[in-house]
1. Rounded to two decimal places and with Rh computed the Kirkwood way over Cα pairs, what is Rg over Rh for the stretch 48-182?
2. As a test of the formula, what do you get for the chain when each DSSP H run with n ≥ 4 contributes -39,500 (n - 2.57) and the sum is divided by the residue count, at 222 nm and rounded to the nearest 500 deg cm²/dmol?
3. Set the Förster distance to 22 Å, then compute FRET efficiency between Ala127 and Glu80 from the Cβ-Cβ distance, nearest 0.05.
4. Name all residues of the stretch 152-166 having a backbone nitrogen under 17 Å from the label point set 7 Å from the Cα of Thr67 along its Cα→Cβ direction, giving them as ranges.
5. Please give the length that would be gained between Ser149 and Thr218 if that part of the chain were fully extended, namely 0.36 nm times their separation in residues minus their C-alpha to C-alpha distance (nm, one decimal).
6. What residues have an amide H closer than 5 Å to that of Val26, excluding those fewer than 5 places away on the same chain, when H is modeled at 1.01 Å from N in the peptide plane?
7. If I model a spin label at His210 and Ala88 as a point 7 Å from the Cα along the Cα→Cβ vector, what separation in nanometres do I get?
8. How large, in Å, is the stretch 206-300 by the Kirkwood hydrodynamic radius built from its alpha-carbon pairs?
Amino acid sequence: MKKHLGWFALWSLALCAWAAYAGPSVVINEVAWGGTAAGSQDEWLELRNCTAAPIDLAGWVLEIGETRVPLSVVLEGTVEVRRASIEANGYLLLERTDDTTVSDVTADLLYKGAISNTGVALRLLDAAGRVVDEVVPGEDGWPAGTADSATAPYATMERVDPDEMGSAWRTNDGVVRNGLDAAGNPLLGTPRATNSATVDYLTAPRVQLHAIAAEISTCPLTVQWEAVDPDGLAAGLLIAVFVRGVDSEEWTAVIERLPNQGSFVWDCSAYERGRAYELRVTATDWEGRAGSATSAPFTLR
């Protein structure tokens, strides 16, 4: 993990602690549903405690489809329990069948039962049987992660941020990662460490685009923005303005290399009148992480 993340650990803990009030106390944080390069059956999951106090998991159950995995006793889908609590702001690592799945990180619990590559409901229940957190795949299957046929195979599905982003998931980026598989290959995941999706979310530039007030706008049109980099230099961002028709998927660069804060007068005279457009301001930091803000649709006249 990169050196600048020392401060990030404290920030992450603070946000996670706040999630105790705004979201679930414990979340399903990462899922290696595709297995690893050492074997597609080498699946693992991670739970995350989003509070500033340890949580006793006595009576808690993780449901993987029809399979029930008690988190405090050897019963049903549970093979071995090594730890039945999660420390404050900590993680609980569950490995399928044995403790070689993540070879250099000790599992907290061993379970049996496969996680389908096409998607299966995951539910975390507390001792009273209440659903604390759940992941229910859509019609297209898992929202993130990869199996063996992907360009970056066996990447995990990572929770972005349970408080700010709710149930949003992303695929491990291959840059921020942790752990080795059973054959000693680096994992595309972060067992018992901060998710790459969370690092990206918390360290990517933040952009505020001042709204284009009118739904119908005339040329020229003024674009105003402010951008900051949470973990970088105050003036170390590359700012660019893009435009597209709302009926198009492609963005066209209007101007690049602008300051972090300012305004730009866009001469839109070459663009079709009566058509709806969107403007986007994108900020890219020195690591290549990008943040953006997009205007509401407006029609040129």
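Taken together, the values in this text are just the output of simple stated rules run on the coordinates, not laboratory data. These numbers come from a predicted model, not from an experiment. Glycine also receives a Cβ, built like all others from the backbone with ideal geometry; neighbour counts cover every protein chain displayed.
1. On the way: Rg = 14.9 Å, Rh = 15.9 Å.
My calculation puts Rg/Rh at 0.94.
2. Numbers: 2 runs with 25 residues, N = 301.
Result for the chain, helices only: -2500 deg cm²/dmol.
3. Working: r = 20 Å, r/R0 = 0.92.
For R0 = 22 Å, the calculated efficiency reads 0.60.
4. Output list for this probe position: 157.
5. Full-extension gain reported as 20.0 nm.
6. Result for Val26 returns Cys50.
7. That separation, rounded to one decimal, is 4.3 nm.
8. Working: mean 1/r = 0.0734 Å⁻¹.
That comes to 13.6 Å for the stretch 206-300.
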